[in-house]
Amino acid sequence: MSGSSITVSGIHAAYGAVRALEDVSLEVKSGETVALLGTNGNGKSTLMKCIMGIVRPSAGSIFAEIDGRRHDLVGRSTEAIVDLGIALVPEGRRLFPKLTVEENLLLGAFRRIARAQIANNRAFCFEAFPQLAERRRQLAGSLSGGEQQMLALGRALMLAPRILLIDEPSVGLAPILVRRTIDKIQQLKEQYRLTVLMAEQNFTQAIRIADRGYVIVHGRIAFEGRSTEELNNNDLIRKFYLGL
Amino acid sequence: MRFWIFLLVALALGAGVFFGARYLHNDYLFFAGYVVLEYLVLATAWNILGGYCGYVNFGTAAFFALGAYTSVAIHKFSPMPIPVLILLGGIVSGIVGLGMGYLTLRLRGAFFSIATLALAVVVQTLITNWDYVGGSRGAYVVRPATVPLVGSYIQYLFLVMLVLAILAVFAARMIERSWLGYGFASIRDDELAAEASGVPTLRLKLMATTLSGAFMGMAGAPLPYYVGYLDPASGFNLAYAVNSIAMPLVGGTTTWIGPVIGALLLGTVQQVATVTISSAVNLLIVGVVLVGFVMIAPNGIIGLIEARLRARSDR
């Protein structure tokens, strides 16, 4: 059992004539938490979708190493990528609002590989998120924002993933809930030895748990911070995020 | 195990209905009951795609008529027993359903519905211009007066449709409670999220369009023998499309029982109205009932009951 990592090199992606990503390269090493920083519309979600096979890049390569085995992700279907053990927590949570909490979790384990472990993984989920166990029969749409984010995380964990992609966990949450969500991600990461790529606008919160990060501006990687200090002291970030 | 219990109960219920109707010695019951059961199959079939997956299909009449015209074509070639025709009609409509799924898989919401409407027009035009099955003149299908074991032919048709209805409901219920059903529900709720969770949305949608189309075709296969004369105007009647949407909506679209309740209710009311007032009033009834349900119970009768139960358990 060696590590699980993602290597994105030189990818381009576009929605019709609108260019979303230009020559983006990025790496998430095994066991790292990497933050992908950038404000709205800079291509964070597109990059996530490219990795998941939802959007197909027009050029470039994406490789994932899962437990020491290397896989080419470009051209693979989303199901096949999920089967490898890569899970996405989509932006805005994207739960199934008219299904119950429990059904949402079950759908996280739709793939046959995940179904075999369903009882275990569900138990883990309810252990990690006790509120969800209490509300298992409630409709996901009736949960509060914070609970919905927990459910979105729980749904992704039902796959027992090696690599977790989290797209903007802080969206629409009160500051205290953002803090809690970020803490939870850190805790889950350690508990399950996950490799995490997290897209986030909330710089100060993301940087708390990230080992390092990339800043993406207008579809290009504008800055690569090899440590949190580098990110903290970067002029671009001071200008864009902190208004200094 | 519980599936088999359900099937046994349904079969017992069906046998009760059949022998009960026989006991009353009134063939009209079979004529009217056949239509209600036919709608039960259509509503259940529509619901597999429209209710479970959330893809509203306006083209029911196309699949239904394809089943019927498959029977006409085969009858002209060499008559075959009705169960065989049902199977063949199901296969033809299922294949067309699969094709429709492939062609429309990029379309969602209203755009998908418009495409299905277009399909109905295309198929009707093709059939109208196909001389072998009668073209616009229509085709006569002479049916035998009696059938061994059962007796009168209409009782036989009723029995066949009853069995088909039980099979359709059984299949719908099985789908609903399986991984397939969960996958369908996830497509209905949020297709992108379903895809991101690894649900093979494309494959599931194709399965839904195929299954739904196949059951619609099966419902149509015995039609030429029921009416004796089939022309495109009656095979592609607007009522099939309207009813197969209205019935699940009235009953409730998320469970198998919804279309059953809706079909039994609306179908029976229409049959009663046909003999007491006029068959012309049927579509009006559907319209009024639908408006009423949209205002009072947008999630159908089942939705209404569930809301009541939930309110009670919260108290």
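Of the lysine pairs in chain A, how many meet both conditions: Cα atoms under 20 Å apart, and a spacing of 8 or more in sequence or different chains? Taking chain A as the scope, the lysine pair count is 4. List the residue ranges in chain B for DSSP H helices whose C-alpha atoms run 18 angstrom or more along the long axis and whose Kyte-Doolittle average is 0.5 or above. Sorted by number, the helices that extend far enough and score high enough are B:2-23, B:27-47, B:60-77, B:82-104, B:109-128, B:153-176, B:201-220, B:238-251, B:257-276, B:282-296. Annotation: amide H of A:Ala222 within the under-5 Å range of A:Val215, A:Ile216, A:Val217, sequence separation 5 or more or interchain, hydrogens built in the peptide plane.
Spin-label model, A:Ala59/A:Gln117: points 7 Å from Cα along the beta carbon direction are separated by 3.8 nm. Taken about its Cα centre, the protein assembly as shown carries a charge dipole of roughly 540 debye when the Cβ of each Lys and Arg holds +1 and the Cβ of each Asp and Glu holds -1. Taking the longest Cα principal axis of chain A as reference, the axis of helix A:118-128 is set at about 70 degrees.
Going by the alpha-carbon gyration tensor, a ≥ b ≥ c the square roots of its eigenvalues, is segment B:179-315 rounded (a/c under 1.5) or, if a/c is not under 1.5, prolate (a/b greater than b/c) versus oblate?
Oblate, because a/c is 1.5 or more while a/b does not exceed b/c.
Counts of other chain beta carbons within 10 angstrom of each beta carbon in peptide B:197-207 average 6.
Put a plus charge on the Cβ of each Lys and Arg, a minus charge on the Cβ of each Asp and Glu, and nothing anywhere else: the dipole of chain A about its Cα centre is then about 540 debye. Computed from Cα positions, the angle between helix A:145-157 and the longest principal axis of chain A comes to roughly 90 degrees. FRET efficiency for the pair B:Phe111 and B:Asn237, taken as 1/(1 + (r/R0)^6) with r the Cβ-Cβ distance and R0 = 25 Å, rounds to 0.50. For segment A:91-206, the extents of the C-alpha atoms along the principal axes are 39, 31, 21 Å, listed from largest to smallest. Per-residue ellipticity at 222 nm, computed for the protein assembly as shown from helices alone with -39500 (n - 2.57) per DSSP H run of at least four residues, works out to -18500 deg cm²/dmol.
Work out the mean other chain Cβ neighbour count within 10 Å for the residues of B:185-194 and drop it here as an integer. Each step should come with its number before you reach the end.
Details: counts 5, 8, 1, 3, 11, 10, 1, 5, 13, 5.
Mean shielding by partner chains, rounded to a whole number: 6.
Per residue of A:93-106, other chain Cβ atoms within 10 Å of the residue Cβ number 4 on average.
Convex hull of alpha carbon positions in segment B:2-314: directionally averaged projected area 17.3 nm².
Does the protein assembly as shown come out rounded, prolate or oblate by the C-alpha gyration tensor, with a ≥ b ≥ c the root eigenvalues, rounded set by a/c under 1.5 and, if not, prolate when a/b is larger than b/c and oblate if not? Taking the square roots of the gyration eigenvalues as a ≥ b ≥ c, the protein assembly as shown is prolate. B:Tyr226 sits among other residues whose Cβ lies under 10 Å from its own Cβ, and their net charge, with Lys and Arg +1 and Asp and Glu -1, is 0. What shape does segment B:115-159 take by its C-alpha gyration tensor, where a ≥ b ≥ c are the square roots of the eigenvalues and a/c under 1.5 counts as rounded, a/b above b/c as prolate, and the rest as oblate? Cα axes put segment B:115-159 in the oblate bin.
Whole-Hz Karplus values for segment A:211-216 come out as 7, 7, x, 10, 10, 10 Hz, taken residue by residue from phi with 6.51 cos²θ - 1.76 cosθ + 1.60 and θ = phi - 60°; glycine and proline positions read x.
We did not get these values from a lab; they are worked out from the coordinates using the rules stated. Quick caveat: nothing in here was measured; it's all calculated off a predicted structure. Glycine also receives a Cβ, built like all others from the backbone with ideal geometry; neighbour counts cover every protein chain displayed.
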